[in-house]
Amino acid sequence: MKIKKILSVLLIVAAIAGVCTVSFAANNKMGDVDFDSLVTAEDALLVLRYTAGTDELTAQQLKVADVTYDGKVNSVDALRILLYVSGSVPSLERIDSEEGDDIII
Ligand SMILES: [Ca+2]
């Protein structure tokens, strides 16, 4: 009886943690470096400031800042964010054909 209660509590905790993880991931879209739910020139500026060494980025910020998916965050990522903001790039999400290839801006 006691074990069933403990298992029930553990299942509820696991379910809540799962929901939180999903919503956390959903709130971090690629290119949104300042986490304001928008991809703007401000995000590109943060990347440029990081590249110049004037600002630090957290691990989560670095993850969403790498919009070229090459494992590096640099001015090319800032450029791609700006191209997205200007409408020249339709999406910052990774598409299958980009895997293993360099993205051509
Ligand atoms: Ca943003």
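Averaged over its residues, the stretch 31-91 has an accessible area of 53 Å² per residue, based on protein heavy atoms and a 1.4 Å probe.
So what's the net charge close to Tyr84: Lys and Arg +1, Asp and Glu -1, counting the other residues with Cβ under 12 Å from its Cβ?
Working: positive: Lys29, Arg80; negative: Asp32, Asp43, Asp77, Glu93.
Cβ neighbours under 12 Å give a net charge of -2.
Counting pairs of alpha carbon atoms under 8 Å apart in space and at least six apart in sequence, what relative contact order in percent does the stretch 31-91 give? Once normalised by length, the contact order is 36 percent.
The values are calculated or read from the model by the stated rules, or taken from the named source; none is laboratory data. Treat the numbers as computed from the prediction; the structure is a model and nothing was measured. Cβ sites come from the backbone with ideal geometry, for glycine too, and all protein chains shown count toward neighbours. Just so you know, the surface numbers come from the protein's heavy atoms only, side chains and all, with ligands and any DNA or RNA stripped out. Shrake-Rupley method; radii C 1.70, N 1.55, O 1.52, S 1.80 Å.
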